[in-house]
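Engineer: Just passing along the structure, written as structure tokens.
The values are calculated or read from the model by the stated rules, or taken from the named source; none is laboratory data. The structure displayed is predicted, hence computed values, not measured ones. Note that each Cβ is placed from the backbone with ideal geometry, even for glycine, and that neighbours are counted across all protein chains shown. SASA here: full protein model, heavy atoms, side chains in, ligands and nucleic acids out. Shrake-Rupley method; radii C 1.70, N 1.55, O 1.52, S 1.80 Å.
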Amino acid sequence: MDSFDSLSASEKAEASELQRMIAVEQQKAQFQAQVHTFTDICWDKCVDSPGSKLDHRTETCLVSCVERFIDTTLTITNRFTQMVQKGAH
């Protein structure tokens, strides 16, 4: 017998809510990790020497780098989702 089956309805509701909260926190952590990754990559690629202000070339490079990173991440995520959905059928 599964230990979840022995819980009362309110305990099951609390456990489900806890699982939902954990999933949300995991998504936040994953998002923050992605932001950290593309910040590192784009900074190393675009910023030659930090100053008090970004020049136009550096700003353009950073914007393009982040946009490419996001586009690539979305493409990979969508492709993976399609593969999972095909496997589920």
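Engineer: Looking at THR58, is it in contact with an Asp or Glu (Cβ under 8 Å, 6 or more places away or on another chain) and of a type in the set (S, T, N, Q)?
Structural biologist: Against the criterion (in contact with an Asp or Glu (Cβ under 8 Å, 6 or more places away or on another chain) and of a type in the set (S, T, N, Q)), THR58 qualifies.
Engineer: If you go through region 56-63 one residue at a time, do you hit one that is open to solvent by 70 Å² or more (accessible area, probe 1.4 Å), under 14 Å from the mean Cα position of the chain (by Cα) and free of Cβ contacts under 8 Å to residues at least 24 places away in the same chain?
Structural biologist: no
Engineer: Also, quick follow-up: Sort out which residues of region 1-22 are exposed (fewer than 10 other Cβ atoms within 10 Å of the Cβ), assigned to a helix (DSSP H, G or I) and aliphatic (A, V, I, L, M), and write them in order of number.
Structural biologist: ALA9 - this is the single residue of region 1-22 that is exposed (fewer than 10 other Cβ atoms within 10 Å of the Cβ), assigned to a helix (DSSP H, G or I) and aliphatic (A, V, I, L, M).
Engineer: Just checking, which of ASP40, ASP48 is open to solvent by less than 100 Å² (accessible area, probe 1.4 Å) and either within 23 Å of the chain's Cα centre (by Cα) or free of Cβ contacts under 8 Å to residues at least 60 places away in the same chain (or both)?
Structural biologist: Numbers: ASP48 fails: open to solvent by less than 100 Å² (accessible area, probe 1.4 Å).
Every option except ASP40 fails the conditions.
Engineer: Spot the failing condition for THR75; the list is (1) hydroxyl-bearing (Ser, Thr, Tyr); (2) in a helix (DSSP H, G or I); (3) surrounded by fewer than 10 Cβ atoms within 10 Å (Cβ to Cβ), and only one is missed.
Structural biologist: Against the list (1) hydroxyl-bearing (Ser, Thr, Tyr); (2) in a helix (DSSP H, G or I); (3) surrounded by fewer than 10 Cβ atoms within 10 Å (Cβ to Cβ), THR75 comes up short only on (3).
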